[in-house]
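Working notes, beginning with the structure itself.
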Amino acid sequence: MTNGIEVVIHIKEQGYNENELQNYGIEVLCNEDLSLQCAIIDKSIVWYGNINFFGYNTEDNNVMRINDASIANELLNIICSQR
């Protein structure tokens with residue numbers, strides 16, 4: 001936790017500059033069984049889709065933004081149960 005902000009990044013494969021992220025106080029967890037591609041901000045904003053947030057993307061990738069705390073919490077529960 002840095003400045004009262006907790007950031008945890010779950011990745012499917014290593015090789016996304018996780019050491020650099022950890023130097024900024026970000027916890028990086030690798031889980032090859034992950035099936036979600038999402039970013040959750042403030043437990044209320046969800047960016048969800050097949051975009052790779054830390055790697056190469058093509059014009060076929062997409063992402064949508066959802067402003068809904070209940071959906072964010074459901075996704076967090078799914079992700080955290082896969083730890």
With all protein chains present, the chain has a carbon and sulfur share of its accessible area (1.4 Å probe) in percent of 46
Pull up all non-local amide H partners of Gly49: gap of 5 or more, or a different chain, and H-to-H distance under 5 Å with H placed in the peptide plane. Gln37, Met64
If you take every DSSP beta bridge fully contained in the chain, what fraction is antiparallel? Give it as a percent rounded to 5. 70
Alpha carbons only, please: Rg and Dmax for region 35-83, in angstrom. 11.2, 32
With a 10 Å cut-off between alpha carbons and a GNM built on the chain, which of Tyr56, Tyr24, Tyr48 moves the most? Tyr56
Length gain on complete extension for the stretch Glu32 to Glu13, per 0.36 nm per residue less the alpha carbon to alpha carbon distance? 6.2 nm
Answer rounded, prolate or oblate for the chain, using the Cα gyration tensor with square roots of eigenvalues a ≥ b ≥ c: rounded when a/c is under 1.5, else prolate when a/b is larger than b/c, else oblate. rounded
Under the 7 Å Cα-to-Cβ spin-label approximation, Asn23 and Val63 lie apart by a distance in nanometres of 2.3
Per residue accessible area of region 15-83, 1.4 Å probe, in Å²: 72
Environment charge of Cys30, counting only residues whose C-beta is closer than 10 Å and scoring Lys/Arg +1, Asp/Glu -1: -2
Among the GluC sites (Glu not before Pro) in the chain, which ones are in a DSSP loop with at most 13 other Cβ atoms within 10 Å of the Cβ? Mind listing them? Glu6, Glu13, Glu32, Glu59
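The values are calculated or read from the model by the stated rules, or taken from the named source; none is laboratory data. From a predicted model like this one, the values you see are computed outputs, not experimental measurements. Cβ coordinates were reconstructed from backbone atoms using ideal geometry, including for glycine residues, and neighbour counts include every protein chain displayed. In case anyone asks, the SASA skips ligands and DNA or RNA and just uses the protein heavy atoms, side chains included. Shrake-Rupley method; radii C 1.70, N 1.55, O 1.52, S 1.80 Å.
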